[in-house]
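The values are calculated or read from the model by the stated rules, or taken from the named source; none is laboratory data. Quantities reported herein were computed from a predicted structural model and do not represent experimental measurements. Reconstructed Cβ throughout: ideal geometry from the backbone, glycine too, with neighbour counts over all protein chains shown. Protein only, heavy atoms only, side chains kept; ligands, DNA and RNA dropped before computing areas. Shrake-Rupley method; radii C 1.70, N 1.55, O 1.52, S 1.80 Å.
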Amino acid sequence: MADQHIDPERVQFDAFKALPRDTVIHMLNLVRFKAAATYPADHPLAADALTGAEAYAHYGADSGPVFHRVGGRIVWRGTMEAMVIGPDAEHWDAMFIAEYPTSAAFMEMVTDPVYRQAVIHRQAAVETSRLIRCNPKASRSGTGFG
């Protein structure tokens, strides 16, 4: 099986933590769901035969209050229609950009006990994902891509 990229590797998380913590950050989220969610056997939803998308909805519902409490908001959400540049076989079921007032707010969220419980839904739901920290830049209308 290919690398799953569901949770951050230690070296990746350390690199994230080494960046400035007092600036606004955007987190680009690209998520591919499993056809069937895979919960731990002792989880209350393990026998419910949820799809990955349904399990991810539980993740959103359970983690949402923590996300909002730390000042997070969704600044962009979209649906993939076609791969124009990149591997033809690569597709994403959920694509969005989450904004945090600081990376410290993101760290507060991911260490919150309620959020850590919600992550079980994400782990059950996700086949693979990408989470990319971005430094938001103001658009300069009419100046091209540079």
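I120 sits with roughly 40 Å² accessible to a 1.4 Å probe, with DNA, RNA and ligands left out of the calculation.
Shape of segment 28-86 from its Cα gyration tensor (a ≥ b ≥ c, root eigenvalues): rounded if a/c is under 1.5, otherwise prolate when a/b > b/c, or oblate? It is oblate, given that a/c is not under 1.5 and a/b is not larger than b/c. Run the numbers for I74 and H91: contour at 0.36 nm per residue of separation, minus the present Cα-Cα distance, in nm. Full extension from I74 to H91 adds 4.0 nm.
Our estimate of slack between A138 and A49, defined as 0.36 nm per intervening residue step minus the Cα-Cα distance, is 27.6 nm. For log10 I(q)/I(0) by the Debye sum over Cα atoms at q = 0.11, 0.13, 0.18, 0.22 Å⁻¹, the candidate list reads (i) -0.39, -0.54, -1.02, -1.40; (ii) -0.47, -0.66, -1.21, -1.55; (iii) -0.62, -0.78, -1.02, -1.27; the entry that matches the value derived from this model is (ii).
Rounded to the nearest 20, the size of the Cβ-charge dipole of the chain about its Cα centre is 600 debye, with Lys and Arg at +1 and Asp and Glu at -1.
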